[in-house]
Amino acid sequence: MISIDDAVNFFNAYSDIEHAGITATYSEPDEVVNEYRTGSMRFWHAEPGTPLSPSFGRPMGMGSDQLAQLARNVSLVRRTLFLVAEYRGRDGGSVYAGIVSGDRTRTAESYGGLLYATEVDGDLRIVASYKEDFGKVSPPVHWRHSQGMDIGLPGPPVAVRPLAAPTGQAAHLKDWEGLRDSVAER
């Protein structure tokens with residue numbers, strides 16, 4: 001049985017390969033970038049007819065001078081996993097939400113995305129990605145569907161694992177604190 005701690009490990013492992021892949025897009029040949037994309041796809045599961053893919057890539061065929069120019073204009077960081085929450089899905093199984101930071105130095109202390117994972121054929125897989133809906137006042141932070149399944153979670157989380165508090169925006173911190181304090185199990 002998959003636990004919330006398994007979900008924490010899963011989201012952290014995904015963040016590791018995603019960071020390596022994003023870094024590769026600024027420095028490595030096409031073949032290496034494609035290897036990281038293929039590796040990161042092992043963390044994802046798209047329902048038929050539902051597009052879903054990793055958040056990194058670049059136009060293929062870029063020369064080393066072009067890559068060097070791109071690299072001069074970016075300051076990358078590995079995404080921070082702020083919190084993992086466990087919810088009961090529509091089918092009664094667990095759905096895990098991982099709130100992550102941005103992947104640039106300027107966005108590293110704030111929410112950058114919400115990933116949902118659930119068990120697929122015995123393993124956790126990311127099935128949906130959400131971005132903050134900046135058109136709605138926070139807290140709580142409102143999310144808009146980005147890709148994958150549109151998850152409609154009933155009710156509050158059944159378990160929460162707070163990992164690192166976001167410090168970039170007061171609304172994100174208040175949202176994080178609200179989730180952290182929403183259930184007894186941590």
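For this structure, a couple of remarks:
- Probing with 1.4 Å while keeping every protein chain in the model, the per residue accessible area of the chain equals 51 Å².
- Share of carbon and sulfur in the accessible area of the chain stands at 51%, probe radius 1.4 Å.
- Relative contact order (%) - criterion: Cα under 8 Å, at least six apart; region: the stretch 12-81: 44
- The Rg/Rh ratio for the stretch 131-186, using Cα coordinates for both the radius of gyration and the Kirkwood hydrodynamic radius, is 0.97.
- Spin-label model, V74 to R58: label points 7 Å out along the Cα-to-beta-carbon direction sit 0.6 nm apart.
- At most 10 other Cβ within 10 Å, DSSP loop - trypsin sites (Lys or Arg not before Pro), the stretch 9-87: none
The values are calculated or read from the model by the stated rules, or taken from the named source; none is laboratory data. In this text, all values refer to a predicted model and were calculated from it rather than measured experimentally. In this analysis, Cβ positions are derived from the backbone assuming ideal geometry, glycine residues included, and neighbour counts consider all displayed protein chains. The area values use the complete protein model at the heavy-atom level, side chains included, leaving out ligands, DNA and RNA. Shrake-Rupley method; radii C 1.70, N 1.55, O 1.52, S 1.80 Å.
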